[in-house]
Amino acid sequence: EYGSGSSRDWAAKGTALLTALDKAFAELERLGAAKKAIIFTESKRTQEYLHRFLSANGHAGKLVLFSGTNNHEDSTAIYQRWLQEYQGTDRVTGSPQVDRRTALIDHFRKDDGTGAEIMIATEAAAEGVNLQFCALIINYDLPWNPQRVEQRIGRCHRYGQRFDVVVINF
């Protein structure tokens, strides 16, 4: 949980995260894989901390948040752009919750430089989400139940994945 532990512990973990992302992104590029990473965390507080931390350390504008509510201001802006783009198509279901999820995943999937490179997700993304275009999973927080780790991995390690999925656990 964000706020527990010393600030030095958080700084060390943050530095380790930046190092892991740099090394992993370099390897993904070498392999010809999409420069995409999903970071799973257990709480919205930690998710928000990671958003601020990564934004301040070279990843601003390359992040998308995914949670149970998906109501962060950046998420809402992505959703509004998505609604304008797909207005009048059958892509828009009319269910704001479903459409927000779809908009955020579509934004993460984009590989033309306009989408996100990193999705910071709570457990809401551990089930029912297909991310086979992403080959890097970072478990920033490990759940007590190892089956939940398997569910997280299953979001990327599925039919259509073209690369080995790398999992980094903190």
Candidates Val165, Val149, Val129, Val98 - the one that is of a type in the set (A, V, I, L, M), without any contact (Cβ under 8 Å) to a residue 24 or more places away in the chain and buried (at least 17 other Cβ atoms within 10 Å of the Cβ): Val149
Residue list for region 28-41, restricted to those being loosely packed, with under 15 Cβ neighbours inside 10 Å and either in contact (Cβ under 8 Å) with a residue 60 or more places away in the chain or among the basic types (Lys, Arg) (or both): Arg30, Leu31
Hits in region 42-73 - residues which are surrounded by 14 or more Cβ atoms within 10 Å (Cβ to Cβ), over 16 Å from Leu131 (Cβ atoms), of a type outside the set (D, E, K, R) and touching a residue at least 40 places away in the same chain (Cβ under 8 Å): Ser43, Thr46, Gln47, Tyr49, Leu50, His51, Leu54, His59
Top-ranked residue of region 102-130 - restricted to ones that are at pLDDT below 95 and within 13 Å of the chain's Cα centre (by Cα), ranked as nearest to Ser43 (Cα to Cα): Thr122
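The values are calculated or read from the model by the stated rules, or taken from the named source; none is laboratory data. Predicted model, so just to flag it, every value in this text is computed and none were measured. Quick reminder, even Gly has a Cβ in these numbers, built from the backbone with ideal geometry, and neighbours come from all protein chains shown.
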